[in-house]
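*Asks:* Take this structure first; my questions come after.
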Amino acid sequence: MNPRKRAVTLAFCAHLALLPLPGCGSGSDSSGGAGTITLDLALWDENLSEVIRQSLESYKKDHPNVNVRVTYTPFADYWSKLRTSLAGKSGPDVFWMNGPNFYQYVSANLLKELDPLMAADGIKKEDYTKTLVDMYSTEGKLYGLPYFLDDIALYYNKELFDEAGIPYPDETWDWDKLKETGAKLTRKDKGQYGYISPVTNQDGYYNLIHQAGGYIINDDKTKSGFDLPESIAALNWLKQLSDEGISPDARQQLETEPVQMFGSGKAAMVQAISVKAPELHGMLGDKLGIAPLPGGKRKATIVHGLSWAVNRNTEHEQAAWDLVKALAGEHGSTLLAKSGFSIPAYEKAQAEWLKSIPSLNLQVFVDSIENAAPYPVSKYTAEWQTVETKEILEALRGRKSVEEAAGRIASKMNILLEKEQGVAK
């Protein structure tokens with residue numbers, strides 16, 4: 001999922017009317033059994049409103065004296081509103097957290113540690129996808145209970161493959177096979193591309209860099225990997241696909257979203273996020289197929305996902321924690337799975353998600369988790385990604401070499417990562 005936009009990458013930007021985030025609830029805690037209290041719940045995607053409603057119905061049965069106010073705020077405004085309210089020791093009691101923003105919030109001491117609450121209720125981290133548990137942990141402490149995850153696979157149009165008499169993609173494919181087949185399926189006379197290699201990071205080149213043997217940021221978050229030979233090779237391969245006309249170029253992809261281009265029959269294959277499966281199935285029906293991402297030196301898929309966090313300054317810790325359990329525990333996760341929205345992070349509920357679109361082999365996404373490359377984050381993710389996006393697009397448009405762009409990204413990242421370590425450059 002680019003954690004910034006749902007429509008283009010992960011972070012599911014809902015187009016809703018702006019609503020202010022209310023302050024924390026007041027009154028006695030639900031554990032006391034007296035009085036009525038109000039909890040505020042904040043997220044940004046109204047596509048989940050029915051799942052949230054059903055989860056809250058279940059919560060209300062065990063907490064009749066707790067009212068929950070739900071606020072959906074457009075993604076573009078969500079983080080500024082949330083940060084301002086939490087810094088003022090108010091804000092929602094429970095809210096969505098994503099990877100790129102996590103380190104800023106936890107370092108500002110705005111999130112409540114969940115380990116003691118989990119231990120008291122026998123909730124096990126092992127029941128949740130490890131990649132997300134690690135993403136929302138720091139110094140061994142968990143600050144967000146994983147809710148759902150997403151990864152990347154290769155969607156293909158069966159009809160276009162059948163017309164060309166070409167076998168469907170499978171787990172044996174590598175970059176060479178992808179390029180070879182993409183070239184065969186490219187029909188300039190029909191305005192048809194063989195393959196769309198996204199110019200965005202989560203759907204696109206982050207996967208390629210890891211498949212080539214490179215990395216975006218090292219494990220201890222002290223060094224960029226953009227200037228590694230393997231990373232540069234991956235970016236050059238991406239550019240080569242558009243230069244040869246197999247994939248639409250950056251300009252075309254910015255004008256028309258790759259998923260829309262693919263869904264309208266203008267491409268035979270596209271590399272895209274798991275949350276696009278319902279949308280693409282609605283566009284292509286039984287013509288849609290899914291296969292694992294082709295490998296380079298290794299298999300890799302970028303994995304990201306969201307968690308539910310608790311306001312460190314909530315006045316109702318137990319009620320807020322119980323709400324998180326209702327949303328991301330077994331029952332809430334099963335509701336999420338049945339909706340087909342995304343892969344539950346609670347692993348026992350993933351089987352239900354696999355049934356949500358019977359004609360699609362959604363198992364591909366679950367199996368791909370074993371090749372997970374976590375979405376790269378650090379305290380200053382937003383700052384270095386701004387540079388990254390600008391430099392990558394300039395390189396793909398031929399305004400500078402890939403080597404120059406990668407070097408500039410790495411240089412800026414390393415300055416910011418050193419700053420994160422508390423070392424003045």
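*Asks:* Of (1) 69, 47, 44; (2) 72, 54, 38; (3) 94, 46, 38, which one was derived for Cα extents along the principal axes in Å from the structure shown?
*Replies:* (2)
*Asks:* Still on this model: In what sequence, highest mean first, do 266-275, 288-297 appear when ranked by Cβ atoms within 10 angstrom?
*Replies:* 266-275, 288-297
*Asks:* What is the set of long-range amide H partners of Arg187 at a cut-off below 5 Å, with H atoms built 1.01 Å from backbone N?
*Replies:* Placed amide hydrogens put Gln192, Tyr193, Gly194 under 5 Å from Arg187.
*Asks:* While we're looking at this one, here's another question. Give the relative contact order (percent, whole number) for the stretch 309-393; include only Cα pairs under 8 Å separated by 6+ residues.
*Replies:* 15
*Asks:* Using Cα-Cα distances under 8 Å and only pairs 6 or more residues apart, what relative contact order does the chain have, in percent?
*Replies:* The normalised contact order for the chain reaches 23 percent.
*Asks:* Can I ask one more? Please give me the summed charge of the neighbours of Ile123: other residues whose Cβ is under 14 Å from its Cβ, Lys and Arg +1, Asp and Glu -1.
*Replies:* In short, -4.
*Asks:* Something else now. Could you sort out which of Lys141/Lys390; Lys124/Lys412; Lys179/Lys390; Lys325/Lys355 sit more than 29 Å apart by Cα distance in this structure?
*Replies:* Beyond 29 Å between Cα atoms: Lys141/Lys390; Lys124/Lys412.
*Asks:* To the nearest 10 degrees, how steep is helix 330-339 against the longest Cα principal axis of the chain, on a 0 to 90 scale?
*Replies:* Tilt of helix 330-339: around 40 degrees.
*Asks:* Give me a comma-separated list of calculated 3J(HN,Hα) values for the stretch 290-305, in order, Karplus coefficients 6.51, -1.76, 1.60 applied at θ = phi - 60°, integers in Hz, x for any Gly or Pro.
*Replies:* 9, 9, x, 4, x, x, x, 6, 8, 8, 7, 9, 6, 10, 9, x
*Asks:* Output ³J(HN,Hα) for the stretch 310-318: one whole-Hz value per residue in order, computed from phi by the Karplus curve 6.51 cos²θ - 1.76 cosθ + 1.60 with θ = phi - 60°, and x for Gly and Pro.
*Replies:* Values per residue, Gly and Pro as x: 10, 4, 4, 9, 4, 8, 9, 4, 5 Hz.
*Asks:* Tell me, Asp115, Asp227, Asp286, Asp40 in order of fewest to most beta-carbon neighbours within 10 Å?
*Replies:* Least crowded to most crowded, the residues run Asp286, Asp115, Asp227, Asp40.
Just so you know, all these numbers are worked out from the coordinates, no wet-lab data involved. Just so it is clear, the structure is predicted and the values come from calculations on it, not from any experiment. Here Cβ is always computed from backbone atoms with ideal geometry, including for glycine, and neighbour counts include all displayed protein chains.
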